[in-house]
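Trainee: This structure is in structure tokens; I'll ask about it shortly.
The values are calculated or read from the model by the stated rules, or taken from the named source; none is laboratory data. Bear in mind that the values here come from a model prediction, so they are computed numbers and not experimental data. Backbone-built Cβ (ideal geometry, glycine too); neighbour counts: all protein chains shown.
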Amino acid sequence: MFTIFSAITAEFAVNERIRTKNMNKWRKWHKWIGLFVGIQVMLWISGGVVMSIIPIDMVRGQHLITRPALPETLPALPQNLSQLNIITMRWLLRDQEPILEVQTRQGRTIWFDQQGRGLHPLTSTELSHIVQSQYIGAGDSTTLTQLGEVPREVGGLALPLYRADFNDAIHTSFYLNPISGQVLSVRSDLWRVYDFFWMLHILDFEEREDFNNPLLITLALAAWLFVFTGFVLLYHAIIKPNYRKWQRR
């Protein structure tokens, strides 16, 4: 009888050691994956908090600019546009004067005055006047710079391009097309902070547009492994022992 009891006890001890060894292995995996994933989860949550606190209209700088409204009565279309292979056209205001913007099937953007004549770039003085008339922030225009390349923060725009900088608290910048006279984009420190956390959110450190980049996929898989190892630990710690107790009844 004592021999049988000793054998059962020894077998139980061996099984317990195996179970403990397996548990320790899964705990180790769970701990290190959790550390790896936890840092990124904290960044994801931080980005979500920032992006939810700052209204998107403020991120886009809509509170810093007033755009002139087109007059109710617009000029007749110029007659010399029929030879162009036009996709779209629209009227704009260039320093209070209506102009026509035309997009062609060849990918060109052309601007015409009311008589159908092609427009020349505005002077720095004229661009400064447009900037001052549309800016409604709490600073003053400090510089107007013609750009030789498109900055990353307005990567969707194209040359020719000017940047007007302001000395307000959030370092506002207007980006203008010198031919149309349009403020194409407004950037400020609000946008730059938002963009930084957006970069951390999608883990695209270059273009900040790719949702399918390898780093994001790797971390998503790591998060899945973290949850999976957690369920394995739950099984060994709670479900399996209780199931054995139920079987013995």
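Trainee: Tell me which of these ASP204 doesn't satisfy, since it passes every other one: (1) modelled with pLDDT of 75 or more; (2) among the charged types (D, E, K, R); (3) not assigned by TED's automatic domain parsing to the domain that holds GLY155.
Mentor: The single condition ASP204 does not satisfy is (1).
Trainee: Scan ASP140, ASP113 and give me the residue that is surrounded by 15 or more Cβ atoms within 10 Å (Cβ to Cβ), acidic (Asp, Glu) and over 24 Å from ASP195 (Cβ atoms).
Mentor: On the way: ASP140 fails: surrounded by 15 or more Cβ atoms within 10 Å (Cβ to Cβ).
Unique residue meeting the criteria: ASP113.
Trainee: Hey, among the residues in the range 144-188 that are part of a loop (DSSP other than H, G, I, E, B) and among the hydroxyl-bearing types (Ser, Thr, Tyr), which one's nearest to PRO68 (Cα to Cα)?
Mentor: Here is the first cut: in the range 144-188, the ones part of a loop (DSSP other than H, G, I, E, B) are 147-151, 155-161, 167-172, 177-182, 188.
Then drop every residue that is not among the hydroxyl-bearing types (Ser, Thr, Tyr), which leaves 172, 180, 188.
On the way: THR172: 19, SER180: 14, SER188: 21 Å.
By that ranking, first place goes to SER180.
Trainee: As an exercise: evaluate PHE2 against (1) loosely packed, with under 12 Cβ neighbours inside 10 Å; (2) modelled with pLDDT of 90 or more and give the number of the one condition it does not meet.
Mentor: (2)
Residue by residue, here is whether (1) at pLDDT below 95; (2) of a type in the set (Gly, Ala, Ser); (3) over 23 Å from the mean Cα position of the chain (by Cα); (4) under 21 Å from LEU93 (Cβ atoms) holds:
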site: GLN146; (1), (2), (3), (4): no, no, yes, no
site: VAL150; (1), (2), (3), (4): no, no, no, no
site: SER180; (1), (2), (3), (4): no, yes, yes, yes
site: VAL183; (1), (2), (3), (4): no, no, no, yes
site: PHE197; (1), (2), (3), (4): yes, no, no, no
site: TRP224; (1), (2), (3), (4): yes, no, yes, no
site: ILE239; (1), (2), (3), (4): yes, no, yes, no
